1. Restricting to Cα pairs below 8 Å that are 6+ residues apart, what does the relative contact order work out to for the chain? Please round to a whole percent.
2. Dipole magnitude of the chain about its Cα centre, charges +1 at Lys/Arg Cβ and -1 at Asp/Glu Cβ only, in debye to the nearest 20?
3. Return the carbon/sulfur percentage of the accessible area of region 195-234, one whole number, probe 1.4 Å, all protein chains in place.
4. How about region 47-101: which GluC sites (Glu not before Pro) there lie in a loop by DSSP and see at most 13 other Cβ atoms within 10 Å?
5. Report the label-to-label distance for S149 and R45 in nanometres (one decimal), using points 7 Å from each Cα along the Cα→Cβ vector.
6. Just in region 140-203: which trypsin sites (Lys or Arg not before Pro) are loop by DSSP and have at most 11 other Cβ atoms within 10 Å?
7. Compute the relative contact order of region 88-201 as a whole-number percentage, counting only Cα pairs closer than 8 Å that sit 6 or more residues apart in sequence.
8. Counting only protein heavy atoms and a 1.4 Å probe, tell me what percentage of region 244-382's accessible area is made up of carbon and sulfur.
Amino acid sequence: MRRTRWLVYFIFITAFFCITLFYVLPRLGFNFSTFLNRGSIENVRTVPGFEIEVFADGLSGPRFIAFGPDGVLYAAERGADRIVALPDKDRDGRADEILTFAGGLEGVHSLAYWDGSWYAGLPEGIFRLTDTDGDLLVEDVSGIYENYSPGQHNTRTVAFLPDGRMVVSLGSTCNVCEESDPLRAAVAIFDDPSGGLPRVFASGLRNAVGLTVHPETGELWATNNARDLLGEDIPPDSVHILQDGGFYGWPYCHAGRFVDPDMGFPGACDEVISPIIEIQAHSAPLGLVFYTGGNFPPGFQGDLFIAYHGSWNRTIPTGYKVVRVPMDGGKPTGIIEDFAWGWLEGERAVSGRPVGLAVGPDGGLYISDDFGGRIYRILYAP
């Protein structure tokens, strides 16, 4: 009798394991081939005339990246709870070393430089980091705002407007719901980055992870990750030009034209500001940057580049690449072109997930990959 019972247990556990491995996980965008292919860069490539190479590797979950006034690349290494400095003194296109610029920053996701200090976005708030002597090691850390509420989306992206005001994006606490905290599913603004209370700058954004400022117009652009569980292709992810006081629809309306079946109502999209770019649903657009360097050809100047982190909730995965959006007169032409790809091999084998983008002093486009633990550099080299 005991032997039979153990046999039943064994069959049940084996069946549960097989169903999870071969049915459930693949439909969540997960497969063990992901781990078997982790670290592979053989298939990563870019458009003709450009070369892609590894600038730094061995990192743990690098998220957003930025160059400082010293020409050094800094990265928010979320998996190690720190910001690292990646100097390339010999200019050979490879980081000389990985230096801990600031440690003990739990869940750090973003960083931005302004007026002599770095500002880091953590789940709990925004911190100012100051390297007083330029030795690539922070001497002073101070909290600017530490009262963010917990929830489903815990990344905090910090950026600065041309006039020095600080903006911070906070995703929603849920897939779709009405928020009790007006700072959630919104971009907040600090009129004084040295402290004080934030106010809502733009609302109705489910998860506006990426922020960047247009180099000519000074407009604030943002990527937005739309809600889940409405199918493979709707609603689209998007890019928005944010206006002070603007409302962008979530949770009642998506992309300015899709009334939410759970939270929507007649006329829910009437007062919503539509996106400037629509993107394939579940692509998970994160970092974005306008190209302002001197290396790419003239036809690429001012174009927008967006990092697609990739889907987890599609039977046929999408994303896992960097795209180029040609611009004309400060506005998208309506074309989205693949610029760097190959982190998704076949339908399931994932070797990388692009996150952050930055244009370097050398004119290269730098890309962080929080799955492969790398930072890449793309240069024009016909």
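1. Details: 1010 pairs, mean separation 63.3, N = 382.
Rounded, it is 17 percent for the chain.
2. Numbers: 28 positive and 48 negative charges, 356 e Å.
Dipole magnitude for the chain comes out near 1720 debye.
3. Working: 800 of 1480 Å².
Carbon with sulfur: 54 percent of the solvent-accessible area.
4. Working: sites: E51, E53, E77, E97; in loops: E97.
When the GluC sites (Glu not before Pro) of region 47-101 are filtered for loop state and at most 13 Cβ neighbours within 10 Å, E97 remain.
5. The answer from the label model is 4.9 nm.
6. Numbers: sites: R156, R165, R184, R199; in loops: R165, R184.
Answer by residue number: there is no such site.
7. On the way: 230 pairs, mean separation 19.9, N = 114.
Rounded, it is 17 percent for region 88-201.
8. Numbers: 2580 of 4980 Å².
Summing carbon and sulfur atoms, their accessible area is 52 percent of the total for region 244-382.
The values are calculated or read from the model by the stated rules, or taken from the named source; none is laboratory data. As the structure is a prediction and not an experimental result, all values here were calculated from the model. All Cβ positions, glycine included, derive from the backbone under ideal geometry; neighbour counts span all protein chains shown. Accessible surface areas use protein heavy atoms only, side chains included; no ligands, DNA or RNA. Shrake-Rupley method; radii C 1.70, N 1.55, O 1.52, S 1.80 Å.
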